[in-house]
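Down below is the structure, laid out as structure tokens.
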Amino acid sequence: MLNKDFLTLAGRFGTPLFVYNGDVLLERYQDLYRFIPHPRLQIHYALKANFNPAFLGLLRDAGCGIDAVSPGEVEYALFLGFDPQKIIYTANNMTDAEFEKVYKTGVVMNIGELSRLRKAGKAHPGMKVCLRFNPDVTDGDNVRTMTGGDLTKFGILLEDIDEVLSIVKEFNIKVVGLHEHTGSGIQKPESFHAAMKALMSIATPENFPDLEFMDFGGGFKVPYKPDEERIDYVTLGAGIAQRFREFEKQYGRELNIKFEPGKFISAECGTLLVTVNTLKRNRKRLIAGTDSGFPHLIRPVFYGAYHQVFNLSNPDGKEEVYDVCGNICETGDRFAEQRPLPEIREGDVLGIANAGAYCYSMGGIYNLRAMPAEVVVKGGKVISHRRRVSDSELIADITGTTEKCDMVL
């Protein structure tokens, strides 16, 4: 999309505004099938990355599955028309009630704790499950998003395989899948191979004779910084497919191979548009204050994540160095710090890139500021618009009433 397209949308729908490019979304989804040449590849989008309904509808119609991590996500995916057979439920620290609710849907459960596996077997002997193991491979773009190794809460240790097999045998559990996930934004391609090798080490016909698939999670990295090179996913994907074909020969029959990307599919399709309301110079700092804040895009504050910022209104202006800040009552409310940008003027519209994953979905209403509107664009046309709720609607939702109430002290 061109600057003028974003500016047109900002003028039509106001800011802050999330814009999602459906063509880029579907291109990234199809990229995975081009990169990993395996005839039984199945992609399950990590719904937690972005739950916009129109956005998800595009993926559903393209044949994508869903990686769900809560009963709410399972119910939502079913509501949107996703095939239950294409949904995997991977939750951690689930309650018994949550377990039973999802069990009734027929969706495959991915269990990552010995105690939960035992409870599942007792409650439903003979049930089909997928088992999540800790691959003991640590990688990712932030320590808080690394899901392998000693510090993670996720998965069963590979060294506990004997106890797993004992529970499976005791309750006649049918293990149809094995799963691992290393982390988000994996930095080293070799980590994919190391994690696959670790999971394959226990995936023998003797241990798990009923396997239907192996699931190697997500974590495919996308570039966030302008000088950041893309990983060679063509070479990596070919290696993944070859490794899996060799594993199938050892196992003795063909299996499905699954991945559960979120960021890779959706990050680059999204842009958050904000308007600059205030400019101020604090001695050596030039601060551009916008009409959004970290509850709308928390990754820079939460992870120290980098998002490119573009001055859509004045792209050819003289470059200066800015802190691009939000409207929240927190000093750390910055989208970018000491960032060289074309001259920013009050009223300029800025675009914050790579806002399609873990941005709106991690949002909130801190300071009682509603979440932004969202639009989905495909083929140059707006196919969906979800408006921003008003302050009155936000208060009505919080209080459960539109009536004014007296404060009781």
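Below are the figures for this structure:
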quantity: Strands (runs of 3 or more DSSP E) contained entirely in segment 302-409, each with at least 1 residues that are buried (at least 19 other Cβ atoms within 10 Å of the Cβ) and modelled with pLDDT of 95 or more; calculated: 309-311, 319-325, 334-342, 349-352, 373-378
quantity: So Val69, is it touching a residue at least 40 places away in the same chain (Cβ under 8 Å) and under 29 Å from Phe244 (Cβ atoms); calculated: no
quantity: Qualifying positions in segment 211-232 - under 21 Å from Arg40 (Cβ atoms) and either in contact with a His (Cβ under 8 Å, 6 or more places away or on another chain) or free of Cβ contacts under 8 Å to residues at least 60 places away in the same chain (or both); calculated: Leu211, Glu212, Met214, Asp215, Phe216, Gly217, Gly218, Gly219
quantity: Residue in segment 198-214 that is most open to solvent (accessible area, probe 1.4 Å), counting only those that are at pLDDT below 95 and out of contact with any helix residue (DSSP H, G or I) (no Cβ under 6 Å at 6 or more places or on another chain); calculated: Ser201
quantity: Tabulated pairs, segment 152-179, first within 19 Å of Glu212 (Cα to Cα), second in a loop (DSSP other than H, G, I, E, B) and among the aromatic types (Phe, Trp, Tyr), C-beta under 7 angstrom, 6+ apart or interchain; calculated: Val175/Phe208; Leu178/Phe208
quantity: Whichever residue in segment 57-66 is under 16 Å from Gln30 (Cβ atoms) and of a type in the set (A, V, I, L, M) and, among such residues, is nearest to the chain's Cα centre (by Cα); calculated: Leu59
quantity: Every residue from segment 265-292 that is in a loop (DSSP other than H, G, I, E, B) and on the phi < 0 side of the Ramachandran plot; calculated: Lys284, Asp291, Ser292
quantity: Residue in segment 183-192 that is open to solvent by 10 Å² or more (accessible area, probe 1.4 Å), touching a residue at least 12 places away in the same chain (Cβ under 8 Å) and aliphatic (A, V, I, L, M) present; calculated: no
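The values are calculated or read from the model by the stated rules, or taken from the named source; none is laboratory data. None of the values given here were measured: they were computed from a predicted structure. Positions of Cβ are backbone-derived with ideal geometry, glycine not excepted, and every protein chain shown enters the neighbour counts. These area figures cover heavy atoms from the full protein model, side chains too; ligands, DNA and RNA do not enter into them. Shrake-Rupley method; radii C 1.70, N 1.55, O 1.52, S 1.80 Å.
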